[in-house]
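Input: a single structure, listed below in C-alpha cells.
The values are calculated or read from the model by the stated rules, or taken from the named source; none is laboratory data. Being a predicted model, the structure only gives us computed values, none of them experimental. We place every Cβ from the backbone using ideal geometry, glycine too, and count neighbours over all the protein chains shown. Just so you know, the surface numbers come from the protein's heavy atoms only, side chains and all, with ligands and any DNA or RNA stripped out. Shrake-Rupley method; radii C 1.70, N 1.55, O 1.52, S 1.80 Å.
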Amino acid sequence: MVSRVIPVDPFDLIIFGGTGDLARRKILPALYRRFWAGQMPPEARIIGAARAAHDDAEYRAMIRAAIGEFVAPEKQEPATVDAFLERVRYLTLDARGDDGWDALCGMMRNGVVQAFYFSVGPGLFGDLAERLHRHGIADAESRIVVEKPFGHDLQSARALNATLAQHFDEHQIYRIDHYLGKETVQNLMAVRFGNMLFEPLWNARNVDHIQITVAETVGVGGRGDYYDRSGAMRDMVQNHMMQLLCLIAMEPPYAFESDAVRDEKLKVIRALDPVAPGDIVRGQYGGDSGGPGYLEDVENPDSLTESFIALKVHISNWRWKGTPFYLRTGKRMRARTSEIAIVFKDPPHSIFGVQERQKANVLVIRLQPNEGINLRVTIKEPGPGGMRLVEVPLDMSFKEALGPEAEDIPDAYERLIMDVIRGNQTLFMRGDEVEAAWAWTDPIIADWEERGDRPRLYEAGSSGPEDALMLMHKDGRRWREVKA
Ligand code: NAD
C-alpha cells in the first residue's frame with residue numbers, strides 16, 4: 001500500500017514561542033517530517049518568533065538539535081535537514097511590547113497561506129491576536145492556531161473567545177486538541193460511519209456501557225505548578241476525553257465536513273447530564289521508591305488537586321439514555337495506555353446452557369501504544385469436547401495489518417498543522433464546543449471545591465484508588481485492566 005502525499009499550498013507559518021518546549025519537541029519536528037515526506041512545497045517558510053535574541057543561524061542550530069533528538073534517525077539525511085533549515089527564519093519579538101512587530105510585518109508575503117501558531121502561555125493569546133490585527137499583519141484569510149489550555153473555566157474561555165473574535169472570524173481560529181489528530185481517533189469515525197456492521201448496534205439497546213481510559217505512567221514532573229492549578233478534570237477530561245466521548249456518541253454527521261461534525265459533537269456535550277458527586281472518584285498518587293508523591297511533586301502539602309479522576313457520565317438523548325460512559329484518567333498509573341472499549345450487552349438467551357454463557361462482545365479502540373482495533377468475539381473451542389465456548393480477539397494492529405506504511409503514520413501535530421494550511425477545521429474545536437464543555441465541567445469542579453473534597457491516595461504504579469474500582473463494581477461491571 002502506498003500512502004499518497006499531496007503537497008499543500010505555499011505557506012508562511014509563524015510560530016510564536018518558537019523556542020519553547022512544544023515548538024522544539026513537537027511542532028518543528030512535525031514540520032520537518034512533513035518536509036521529508038514531500039508535503040511542504042519549496043516556497044513554504046517557517047518563522048520562529050520569541051522574546052529571546054537569536055539570529056537565524058542560532059535558531060537553525062537549535063532546530064537541528066531538536067530534529068536530532070525527536071525525529072527517527074532514518075529520516076535525518078543531512079541534505080534534507082539542510083534544505084529544511086533553509087526555509088526557517090527567526091525573529092525576536094515581544095508579544096506584550098512593540099519589539100519585532102514591524103519587522104514581522106515587513107517579512108510577510110502576499111499570495112501564500114498565512115498561519116500564526118500561538119505556542120506561548122495562554123496569558124499571551126489575546127495580546128498576539130490584538131497585535132497581529134493592529135499592525136495589519138493578519139488579513140481576512142490568515143489562520144491562527146491556539147494551543148491548550150483554552151480557558152480555565154467557562155468565564156475565561158468565553159472571555160478568550162470574545163477577544164479572539166474581535167480580530168478573527170471563527171473560520172480563521174484553529175483550537176488545538178492534539179487527541180483529534182491521532183490516527184485512531186479518526187479511525188473511530190471510519191469504523192462507525194464507513195461500515196454497516198457497527199452503526200446499527202451503536203446505541204443503548206445493544207451497548208451495555210463504554211469505558212474510556214487514558215493512563216500515564218509519568219507524574220506531573222516539572223509542570224507541577226501548572227498542573228496543581230488545573231488537575232485531571234481540567235487537563236484531560238474537559239478537552240481530550242470529552243472529544244473522544246463526542247466522537248463515540250455523536251449522530252452521523254451529514255458529511256465529513258468541519259461544521260457538520262462539530263455540530264454533532266456539540267449536541268452530545270449539551271446532552272450530558274450533570275454528574276452526581278457519588279459518581280466521581282478523585283485521587284492523588286502517593287510516593288514510592290520510584291519517585292515522590294503528588295504533594296511533593298507540586299510542592300504543596302495541602303493540595304486538593306486530583307492527579308486521577310474516574311467518573312460515570314450519562315447522555316440524555318434517544319440513542320444513549322441508560323448506557324453509562326465510564327471515564328478515567330490519571331498519572332503515575334500502572335501502564336501508559338489510552339483506549340476506548342465499547343462493551344456490548346450479553347446475548348439475550350444462551351442456547352448452549354448455563355455453563356457456556358457467552359461473554360459480551362467488546363470492541364476496543366487503542367490509541368496508544370500500538371494503535372489498533374480489537375473485537376472480542378465468542379467462538380467454539382476447537383476439538384472434540386462438545387460445544388465449549390471461548391473468546392478470541394479479532395485483532396487489527398495497524399502496524400501488522402497495513403505493513404511498513406503504518407510505521408509512517410503522521411503524528412497528531414503533523415496532521416493538524418497540515419490541516420491548518422489546507423484550511424480544514426474538522427479536527428479542531430469550535431468556540432461553542434469549548435464553552436459547552438466548560439459549562440458542563442464547571443459545576444462539577446465547583447461542587448468538590450465547595451465541599452473541600454479530598455482526593456483519595458492511590459499507590460503509584462496502580463490502576464488508581466480502590467474507590468474507582470467500586471464505581472463500576474457497584475453497577476456489576478469491571479474496568480478493563482490497565483496494561484500496555
Ligand atoms: P515554554 O515556556 O517552553 O515556551 C514559551 C515560549 O513563549 C518561549 O519560546 C518564549 O520565548 C515565548 N515567550 C514567552 N513570553 C513571550 C513574550 N512576551 N513574547 C514573545 N514570546 C514569548 O512553553 P511550552 O511548553 O512550549 O508551551 C507553549 C504553549 O503550548 C502553552 O500554551 C502550553 O500550555 C501549550 N502546550 C504545551 C505542551 C508541551 O508539551 N510543552 C503540551 C500541550 C500544550
query = Taking segment 128-143 only, how many residues are assigned to a loop (DSSP other than H, G, I, E, B) and either outside the structural domain of Asp21 (by TED's automatic domain parsing) or crowded, with 21+ Cβ neighbours inside 10 Å (or both)?
reply = 1
inquiry  = On the basis of being touching a Pro at 6+ places or on another chain (Cβ under 7 Å) and either closer than 22 Å to Leu124 by Cα or not in a loop (DSSP other than H, G, I, E, B) (or both), does Ile14 make the cut?
reply    = no
Inter-residue pairs, beta-carbon under 7 Å, first closer than 14 Å to Phe428 by Cβ and assigned to a helix (DSSP H, G or I) and in segment 150-175, second open to solvent by 20 Å² or more (accessible area, probe 1.4 Å) and among the charged types (D, E, K, R), 6+ apart = Asn161/Glu435; Glu170/Arg430; Gln172/Arg143
query = Would you call Leu93 within 23 Å of Val146 (Cα to Cα) and under 24 Å from the mean Cα position of the chain (by Cα)?
reply = no
Any chance Phe125 is open to solvent by less than 20 Å² (accessible area, probe 1.4 Å), within 15 Å of the ligand (Cβ to nearest atom), among the aromatic types (Phe, Trp, Tyr) and not in a helix (DSSP H, G or I) = no
query = Could you give every pair whose Cβ atoms fall below 8 Å, whose first residue belongs to segment 337-350 and is on the phi < 0 side of the Ramachandran plot, and whose second residue is in a strand (DSSP E or B) and acidic (Asp, Glu), counting only separations of at least 6 or pairs across chains?
reply = Val343/Asp208; Phe344/Asp208; Lys345/Asp208; Asp346/Asp208
remark   = Within segment 212-228, restricting to residues that are open to solvent by 30 Å² or more (accessible area, probe 1.4 Å) and not in a helix (DSSP H, G or I), the one that is farthest from the ligand (Cβ to nearest atom) is Thr217
Residue list for segment 144-161, restricted to those being among the aliphatic types (A, V, I, L, M) and surrounded by fewer than 19 Cβ atoms within 10 Å (Cβ to Cβ) = Leu154, Ala159
key: Selection count where residues are without any contact (Cβ under 8 Å) to a residue 60 or more places away in the chain and within 11 Å of the ligand (Cβ to nearest atom), scope segment 99-120   = 3
query = Which of the residues spanning segment 418-435 are assigned to a helix (DSSP H, G or I) and of a type in the set (Gly, Ala, Ser)?
reply = Gly431
task = Give the residues of segment 1-60 that are outside the structural domain of Glu86 (by TED's automatic domain parsing) and near the ligand (Cβ under 10 Å from one of its atoms), sorted by residue number.
result = none
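Yes/no per residue for (1) open to solvent by 60 Å² or more (accessible area, probe 1.4 Å); (2) assigned to a loop (DSSP other than H, G, I, E, B):
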{"site": "Leu416", "(1), (2)": "no, no"}
{"site": "Asp453", "(1), (2)": "no, yes"}
{"site": "Met470", "(1), (2)": "yes, no"}
{"site": "Lys483", "(1), (2)": "yes, yes"}
inquiry  = Residue under question is Asp94, and the condition is that it be surrounded by fewer than 16 Cβ atoms within 10 Å (Cβ to Cβ), in the same structural domain as Ala44 (by TED's automatic domain parsing) and within 14 Å of the ligand (Cβ to nearest atom); does it hold?
reply    = yes
ask   = Within segment 62-72, is even one residue within 13 Å of the ligand (Cβ to nearest atom), of a type in the set (D, E, K, R) and under 20 Å from Ser119 (Cα atoms)?
value = no
